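Novice: The structure's right below; bear with me while I get my questions together.
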Protein chains: 2
Amino acid sequence: MAEIKVAQSAGFCFGVKIAVDSAIGAGKKYGKAYTNGPIIHNKQVVQFLEKLNVKELQSYSQLQEGDTVLIRSHGVPPKTERMLQEKGVNIIDATCPFVKKVHEKVRQLVEEGYYVIIIGEEGHPEVIGILGHLEESGGKGIVVENMEDLIKKFPKRNKVGIVAQTTQNEEFFEEAVGYIASNVEELKVFNTICDATSVRQEEVKRLAKEVDLMIIIGGKHSGNTRRLAQISKAINPETYHVEKAEELEKKWFEGKERIGVSAGASTPDWIIKEVVQKIKEFTKDS
Amino acid sequence: MAEIKVAQSAGFCFGVKIAVDSAIGAGKKYGKAYTNGPIIHNKQVVQFLEKLNVKELQSYSQLQEGDTVLIRSHGVPPKTERMLQEKGVNIIDATCPFVKKVHEKVRQLVEEGYYVIIIGEEGHPEVIGILGHLEESGGKGIVVENMEDLIKKFPKRNKVGIVAQTTQNEEFFEEAVGYIASNVEELKVFNTICDATSVRQEEVKRLAKEVDLMIIIGGKHSGNTRRLAQISKAINPETYHVEKAEELEKKWFEGKERIGVSAGASTPDWIIKEVVQKIKEFTKDS
């Protein structure tokens, strides 16, 4: 049988894994639960959760005392959490630990007297949550999305603190921090960008070199999965991008001894397992 | 008589002014003094100081008890100051207050547990002084001169503090801070770049718009003075760059009512005064 190496960073990031596992757990335990918005943009996962009676909440007003609601990875402003507590609902907090870190750092910056610049997307649920924590701690600050935005909104402050949305693009972060540093006297930066994407790509680069063939799993329309497949193919031309186990072809594996597997950020573990199982079948005689 | 507007930021920066005034004062008071290196690269000033018996020190070993030594704007490491105290020399500390601020900020960063990156020129007297304060406070750090240097020396640290040499170029500062921010978890930056040059340029831009004619004073080979003249000329074509009063020509001032004057960073006040006096003579009948 061929040797199959599955990338440790394949599939869901840490935060999404926690949220999906919590949603499944809530469905099984309570027989019914709501999530405050879509947990993940993956059809199979959404269908699976619906079977467990875990559904996306349309409005907080539909909640009744005793209902279970799961706060997804993005987190919420403290006042939303209080509102849920007042309604007497059962809260499952699946806020990503890295997002919680941003909330904590914003509070620290405010305590230390910094005006806060949040590098992120205005209106994004994660950013709304971060702004909620800024407001709650009595701080002042702004959100900036791009350089033009930053220059236009630039505050007349000498002491500025920075945090970033966890999925922020590093290039803009670098440029913004540099610009801010040269226009204030004191700057404190917490680099709260999560490195799940770059870690996943780096691991694929290493893996693609070591194996005879690479399988990348994930939606054909998923940007991060396609990118992963491109990176792999550039290093190892024997790279195939599949959405599910049924797409694998036995002939790909003929004479191959070492097979590498990775998956995009929205690919659940069970799909990865099905693919690995199929590869084992195809290579059991080799 | 024409109206003559002299830019407030004309000539010596704050730090150099203090050092030159202190050197003149020391020469007059003690009849003899040393400076730990050249105070300024201006022939007239150096000649004037030599007349007052204020000379550049060739080596600390030539100092004898009771000698007067002036520490110039750049500052020195604490151990050099202690060595001078032990020799029993009379110390006049003309370290630029903005450079002292850098020393203070380095100590603060070390106390707060940061590894320090000094953005500046390795071996520059100011940087040697800053490094001395870093060492004295028990801190660790490096000096980086350019991006290549930064990438090569990049420390494996999560908590990094930054200060800059006061005359650091802003472009590299911005790029370096951005790069560092995206490669560490926590970053504290004190923007210690002195804005004397940009303030001088901004004032010339305003002044050139308001007057009929601009006179820029300073060495023909002085980079910052030439730049000042270029900026002025772009706004007001009636701009003349002179080194001293004797170069002024009466015809330039015919029919001119408002005259602006500024000067490069190494132009002493007395030369500016001589130029203003000459302009007054030329325009007294107009």
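The values are calculated or read from the model by the stated rules, or taken from the named source; none is laboratory data. This structure is a prediction, so every number in the text was calculated from the model and none was measured. In this analysis, Cβ positions are derived from the backbone assuming ideal geometry, glycine residues included, and neighbour counts consider all displayed protein chains.
Novice: I'd like to check something: does region A:112-119 contain any residue that is more than 14 Å from chain B (Cβ to nearest Cβ), at pLDDT below 95, within 30 Å of A:Phe12 (Cβ to Cβ) and touching a helix residue (DSSP H, G or I) at 6+ places or on another chain (Cβ under 8 Å)?
Specialist: Within region A:112-119, not a single residue is more than 14 Å from chain B (Cβ to nearest Cβ), at pLDDT below 95, within 30 Å of A:Phe12 (Cβ to Cβ) and touching a helix residue (DSSP H, G or I) at 6+ places or on another chain (Cβ under 8 Å).
Novice: Okay, next question. I'm trying to understand the selection: among the residues of region A:111-138, which are more than 25 Å from A:Ile71 (Cα to Cα) and outside any strand (DSSP E or B)?
Specialist: The answer is A:Glu111, A:Glu112, A:Gly113, A:Tyr114.
Novice: I'm trying to understand the selection: among the residues of region A:184-201, which are within 11 Å of another protein chain (Cβ to nearest Cβ) and closer than 27 Å to A:Tyr114 by Cβ?
Specialist: Within region A:184-201, A:Val184, A:Glu185, A:Glu186, A:Leu187, A:Lys188, A:Val189, A:Phe190, A:Asn191, A:Thr192, A:Ile193, A:Asp195 meet the criteria.
Novice: Do we have any residue at all in region A:145-153 that's within 14 Å of chain B (Cβ to nearest Cβ), of a type in the set (Lys, Arg) and at negative phi?
Specialist: no
Novice: Kindly establish whether A:Glu246 is in a helix (DSSP H, G or I), under 27 Å from A:Val16 (Cα atoms), more than 25 Å from the chain's Cα centre (by Cα) and more than 14 Å from every other protein chain (Cβ to nearest Cβ).
Specialist: Spelling it out, A:Glu246 is indeed in a helix (DSSP H, G or I), under 27 Å from A:Val16 (Cα atoms), more than 25 Å from the chain's Cα centre (by Cα) and more than 14 Å from every other protein chain (Cβ to nearest Cβ).
Novice: Still on this structure: Criterion first (more than 9 Å from chain A (Cβ to nearest Cβ) and closer than 27 Å to A:Ile162 by Cβ) does B:Glu175 satisfy it?
Specialist: Spelling it out, it is not the case that B:Glu175 is more than 9 Å from chain A (Cβ to nearest Cβ) and closer than 27 Å to A:Ile162 by Cβ.
Novice: Restricting attention to region A:47-89, which residues are buried (at least 16 other Cβ atoms within 10 Å of the Cβ) and not in a loop (DSSP other than H, G, I, E, B)?
Specialist: A:Phe48, A:Leu49, A:Val54, A:Thr68, A:Val69, A:Leu70, A:Ile71, A:Thr80, A:Glu81, A:Leu84, A:Lys87 - these are the residues of region A:47-89 that are buried (at least 16 other Cβ atoms within 10 Å of the Cβ) and not in a loop (DSSP other than H, G, I, E, B).
Novice: With (1) touching a residue at least 40 places away in the same chain (Cβ under 8 Å); (2) touching a Gly at 6+ places or on another chain (Cβ under 9 Å) as the list, and B:Val54 as the residue in question, which single condition is left unmet?
Specialist: Checking B:Val54 against (1) touching a residue at least 40 places away in the same chain (Cβ under 8 Å); (2) touching a Gly at 6+ places or on another chain (Cβ under 9 Å), the one that fails is (1).
Novice: Within region B:158-172, how many residues turn out to be modelled with pLDDT of 95 or more and surrounded by 20 or more Cβ atoms within 10 Å (Cβ to Cβ)?
Specialist: Number satisfying all stated conditions: 5.
Novice: Within the bounds of region B:203-216, is there any residue that is in contact with a helix residue (DSSP H, G or I) (Cβ under 6 Å, 6 or more places away or on another chain) and either within 14 Å of chain A (Cβ to nearest Cβ) or within 30 Å of B:Ile118 (Cα to Cα) (or both)?
Specialist: no
Novice: The conditions are (1) within 28 Å of A:Leu228 (Cα to Cα); (2) under 18 Å from the mean Cα position of the chain (by Cα), and A:Met1 fails exactly one of them. Which is it?
Specialist: (2)
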